[in-house]
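Have a look at the structure below, then the notes.
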Amino acid sequence: MSSSGVTIVTTDAEKKKFIEFQYDHYKMDEHFVPPLRMDQKKLLNTKKNPFYNNAEIALFIAEHEGEIAGRIAAVVDHRFNKHHNNKTGHFAFFECIDHQPTANLLFRVAEDWLRDKGMEDVIGPTNPSLMDMIGFLVDGFDKDPYIMMPYTKPFYEELVKSAGYEQEMDLLAYTINEDSVDIERGERAKKIVLKRNPGLVIRPVNLKKISEEVEIVREIYNITWKDNWGFLPLTREELQATAEDFKLILDPDLAHIAEVDGKPIAFSIGLPDLNKIFKKMKGNLFPFGIFKLLFGRRKIKQYRTALMGVLPEVQGRGIDALLHQAAIEKALAKGINTSELSWVLANNPDMIRTAERLGATKDKTYRMYSKKL
């Protein structure tokens, strides 16, 4: 690697530097939660991550004054482009010191690589896909992120905009706690919804049949989300790859499927906020992190509703609120007193209204950016 400039990652040693940079970069940030190194390696493993069956990636490291000063990845998701009939590249895994020339250099090499691949515009940050952690945090820097949500430096908005990018979409995070939730109103609403929807049952996800449950979630998600910004149909392969991971962290009391006369019509996936434990593990599962994970779970007092879908023919009937209500009731019974609903698209008024009716307030904003090439 030269004393200044950008290097494309080709060796295992360079890939290790690419991964390690963020741990050093955030070591003074009290609200950063170090991701597990094994998960970061898995995300970048082009042979084992099913995402790369239909995608290409290039990794770049920047140096400034002899030190690693930033990193970026350029990604072409062929399935995304085929689905949307466009030529859009992604920038991903961006991290950088507060130095505009270094940021400009990183964006430029990623854009050049995407141009060479025939891309006409770029969106980001993705890590590496739109189904992974996405966006730069633009407010809410004074608190930890919830599980599977990013924490980024406050100056990234300035770096990306100065490099010619514009705001593409905001992703909102809402929080609700035992003081703000209106239990009585929820109970009244529940009675009304059940009266209007005879045969409606809300049941917990069955971890013993995780493959079948994942398939239910996939089918409903692909129908429900198809008109939303950034949508890409989930493949069976991608979701099954995460199913085993989910099995380790899912709590059936926080994940539900709604059925009418036995037919699945909606789902809600809540995850215990393991970030409280990951923070202490400092990116390592072994040798002692696994014990922190096993013994710390019982002390977790918050969760995140990470994914939800209601079939179009039953939308507007309050089933989404009922799913939230089921998780809130179970959570409160277990001593879990705070929940984050994230993320909610800023252009989805129905979902925003549902969150507000539950008593939730906007807590954080994550932003996606775009640029014409």
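The values are calculated or read from the model by the stated rules, or taken from the named source; none is laboratory data. Not measured: the values here are computed from a predicted model. Cβ sites come from the backbone with ideal geometry, for glycine too, and all protein chains shown count toward neighbours.
Among residues of segment 179-218 being part of a helix (DSSP H, G or I) and touching a strand residue (DSSP E or B) at 6+ places or on another chain (Cβ under 8 Å), the one that is surrounded by the fewest Cβ atoms within 10 Å (Cβ to Cβ) is 194.
Could you say whether any residue in segment 221-228 is in a helix (DSSP H, G or I), crowded, with 18+ Cβ neighbours inside 10 Å, out of contact with any Pro (no Cβ under 9 Å at 6 or more places or on another chain) and not charged (D, E, K, R)? No, segment 221-228 has no match at all.
I'd like to know if segment 155-168 contains one or more residues that are under 30 Å from residue 55 (Cβ atoms), touching a strand residue (DSSP E or B) at 6+ places or on another chain (Cβ under 7 Å) and hydroxyl-bearing (Ser, Thr, Tyr). Explain how you work it out, then say what you get.
Narrowing segment 155-168 to residues under 30 Å from residue 55 (Cβ atoms): 155-168.
Narrowing further to those that are touching a strand residue (DSSP E or B) at 6+ places or on another chain (Cβ under 7 Å): 156-157, 159-160, 164-168.
Add one more test, that the residue is hydroxyl-bearing (Ser, Thr, Tyr), and what stays is 156, 165.
Checked segment 155-168: at least one residue is under 30 Å from residue 55 (Cβ atoms), touching a strand residue (DSSP E or B) at 6+ places or on another chain (Cβ under 7 Å) and hydroxyl-bearing (Ser, Thr, Tyr).
Over 30 Å from residue 111 (Cα atoms), assigned to a helix (DSSP H, G or I) and of a type in the set (Lys, Arg): is that true of residue 161 in this structure? Considered against the rule, which asks whether it is over 30 Å from residue 111 (Cα atoms), assigned to a helix (DSSP H, G or I) and of a type in the set (Lys, Arg), residue 161 comes out as no.
For segment 325-337, the condition holds for no residue, the condition being that it is touching a Pro at 6+ places or on another chain (Cβ under 6 Å) and touching a residue at least 60 places away in the same chain (Cβ under 8 Å).
Can you name every residue in segment 61-74 that is crowded, with 17+ Cβ neighbours inside 10 Å and either of a type in the set (Ser, Thr, Tyr) or more than 14 Å from residue 125 (Cβ to Cβ) (or both)? Talk me through it step by step, then tell me what you get.
Step one: filter segment 61-74 for residues crowded, with 17+ Cβ neighbours inside 10 Å, giving 61-64, 68-74.
Residues satisfying the conditions are 61, 62, 63, 64, 68, 69.
Would you call residue 266 in the same structural domain as residue 190 (by TED's automatic domain parsing), outside any helix (DSSP H, G or I), closer than 30 Å to residue 190 by Cα and under 16 Å from the mean Cα position of the chain (by Cα)? Answer is no for this residue.
From the list 103, 69, the one residue that fits, being assigned by TED's automatic domain parsing to the domain that holds residue 157, free of Cβ contacts under 8 Å to residues at least 40 places away in the same chain and among the small types (Gly, Ala, Ser), is 69.
Scanning segment 29-74 for residues that are more than 17 Å from the chain's Cα centre (by Cα), of a type in the set (A, V, I, L, M, F, W, C) and at pLDDT 95 or above turns up 55, 57, 58, 59, 60, 61, 62, 68, 69, 72, 73, 74.
Give 263, 247 a once-over and let me know the one that is of a type in the set (Lys, Arg) and modelled with pLDDT of 85 or more. On inspection, the qualifying residue turns out to be 263.
So that you can scan it fast, the table gives a plain yes or no per residue for (1) under 26 Å from residue 193 (Cα atoms); (2) surrounded by 17 or more Cβ atoms within 10 Å (Cβ to Cβ); (3) of a type in the set (Val, Ile, Thr):
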| residue | (1), (2), (3) |
| --- | --- |
| 277 | no, yes, yes |
| 312 | yes, no, no |
| 340 | yes, yes, no |
| 343 | yes, yes, no |
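Just one residue in the set 141, 80, 91 is crowded, with 16+ Cβ neighbours inside 10 Å and touching a Pro at 6+ places or on another chain (Cβ under 9 Å); that residue is 91. When you check residue 118 against the structure, is it at positive phi, out of contact with any helix residue (DSSP H, G or I) (no Cβ under 7 Å at 6 or more places or on another chain) and surrounded by fewer than 23 Cβ atoms within 10 Å (Cβ to Cβ), yes or no? Yes; evaluated as a whole, the condition is true for this residue. With respect to (1) within 24 Å of residue 332 (Cβ to Cβ); (2) touching a strand residue (DSSP E or B) at 6+ places or on another chain (Cβ under 8 Å), the lone exception for residue 229 is condition (1).
Here is a yes/no grid of residues against (1) within 25 Å of residue 241 (Cα to Cα); (2) touching a residue at least 24 places away in the same chain (Cβ under 8 Å):
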{"position": "36", "(1), (2)": "yes, yes"}
{"position": "41", "(1), (2)": "yes, no"}
{"position": "60", "(1), (2)": "no, yes"}
{"position": "73", "(1), (2)": "yes, yes"}
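Only one of the numbered conditions (1) acidic (Asp, Glu); (2) surrounded by fewer than 15 Cβ atoms within 10 Å (Cβ to Cβ); (3) not in a loop (DSSP other than H, G, I, E, B) is not met by residue 30, and that is (3).
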